[in-house]
Amino acid sequence: MDTLTAPAAAAEAPRDNRRQAFEANKLSKKLHRQVGQAIADFNMIEAGDKVMVCLSGGKDSHALLDLLLSLRERAPVEFELVAVNLDQKQPGFPAEVLPQYLSSRGVPFHIEDQDTYSIVKRLVPEGQTMCSLCSRLRRGILYRVASELGATKIALGHHRDDMVVTLLMNMFFGGRLKGMPPKLASDDGRHVVIRPLAYVAETDLERWAAHRQFPIIPCTLCGSQDNLQRVQIKAMVREWERQYPGRTDNMLHAMAHVVPSHLMDARLHPFRTLQATGRPDAGGDIAFDDDASCASPDPAPPQTIRVERR
Ligand code: SF4
């Protein structure tokens, strides 16, 4: 085992601190750039918006609030932020943690007390996962709160990996090419929901949360678990990423570069009325090339996940 003499250890410590500070600074720049890019690409926040940031107390929503607070300082437009936490009355939920944290950071906030825990416990049979009903109830409450607070946007802490996992879940189990959008109109039709962490890797959020020492509250206080299929696919995506770095970014890039003429949805492409045009098309299909079997696996991921404006 390596041991350091006292003077050598003393010399190492500042070097470690400098390295940590360097890494933290690099991560900070990356996160700010990715969040700023997502906001710009999808026009998520506009002048005069009041953005309600849903803060569960987990690492993702903490990072979302933290990054939006700092981006607001340098944003070219003025907008408001209000943090909202839904206290679902789970046993052991440390109700004082978030108000203390938010007050210490000077963030306007609202805590909504709603005992959804009892409702979910009552309605979901023992042994089944409660997350689906819990999320549905939570969504309805948060939409109501957004209206009461006069929020124009609702920001959620879903990140890149959530988006990719959702795409795969829908393909594997739902038979649809459908993901998790970075911006959408809420199902009650009254709000715009945004996901500013759309380009951010979960591992980066984990590192950021550790660096910033957010007071994390786990979502598993209720004893439930996210559904097993999602857990398995998430593990699969992580393993792919470990083996083939860049694959997750490639999948996200694919979600922003859809080619309807090379899929099978006749509502998106006029297959039925398709005719030869009489003109060569350099971007057209090379009909008899089996590019799927010839493609080299996992080409280098794009440097940035830009959404091209059409
Ligand atoms: S883990 Fe518990 S609190 Fe979190 S979504 Fe599932 S049921 Fe709700």
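With charges only on Cβ, +1 for K and R and -1 for D and E, what is the dipole size of region 195-286 about its Cα centre, in debye, rounded to 20?
Around 140 debye, computed over region 195-286.
Would you grab the residues whose amide H sits under 5 Å from the one on Ala155? Only those 5+ places off in sequence or on another chain, please, with H modelled 1.01 Å from N.
Placed amide hydrogens put Met52, Val53, Cys54, Ile194 under 5 Å from Ala155.
Given a 1.4 Å probe, how much area per residue of region 134-276 is accessible, in Å²? The partial results should precede the final answer.
Values: 8090 Å² over 143 residues.
Value for region 134-276: 57 Å² per residue.
Let me spell out the model: positive unit charges on the Cβ of Lys and Arg, negative unit charges on the Cβ of Asp and Glu, origin at the Cα centre of the chain. What dipole size does that give, in debye rounded to 20?
Working: 39 positive and 38 negative charges, 79 e Å.
For this selection, approximately 380 debye.
Ignoring any ligand, DNA or RNA, what whole percent of the accessible area of region 105-182 comes from carbon and sulfur when the probe is 1.4 angstrom? Walk me through the numbers on the way to the answer.
Numbers: 2220 of 4070 Å².
About 55 percent, which is the carbon plus sulfur part of the accessible surface.
When the helices in the chain are scored as -39500 (n - 2.57) per DSSP H run of 4 or longer and the sum is shared across all residues, what 222 nm value do you end up with, to the nearest 500 deg cm²/dmol?
Details: 10 runs with 143 residues, N = 310.
That calculation yields -15000 deg cm²/dmol at 222 nm.
With unit charges on the beta carbon (Lys/Arg positive, Asp/Glu negative), name the residue among Cys131, Ala75, Pro99 whose Cα is farthest towards the positive pole of the charge dipole of the chain.
Most positive-ward Cα: Ala75.
Roughly how big is region 192-237's charge dipole about its Cα centre, with Cβ charges of +1 (Lys, Arg) and -1 (Asp, Glu), in debye to the nearest 20?
Approximately 60 debye in magnitude.
The values are calculated or read from the model by the stated rules, or taken from the named source; none is laboratory data. Just so we're clear, the structure is a prediction, and the values are computed from it rather than from any experiment. Neighbour counts are summed over all protein chains in view; Cβ atoms, including those assigned to glycine, are modelled from backbone coordinates with ideal geometry. Ligands, DNA and RNA are excluded from the accessible area calculation, which covers all protein heavy atoms including side chains. Shrake-Rupley method; radii C 1.70, N 1.55, O 1.52, S 1.80 Å.
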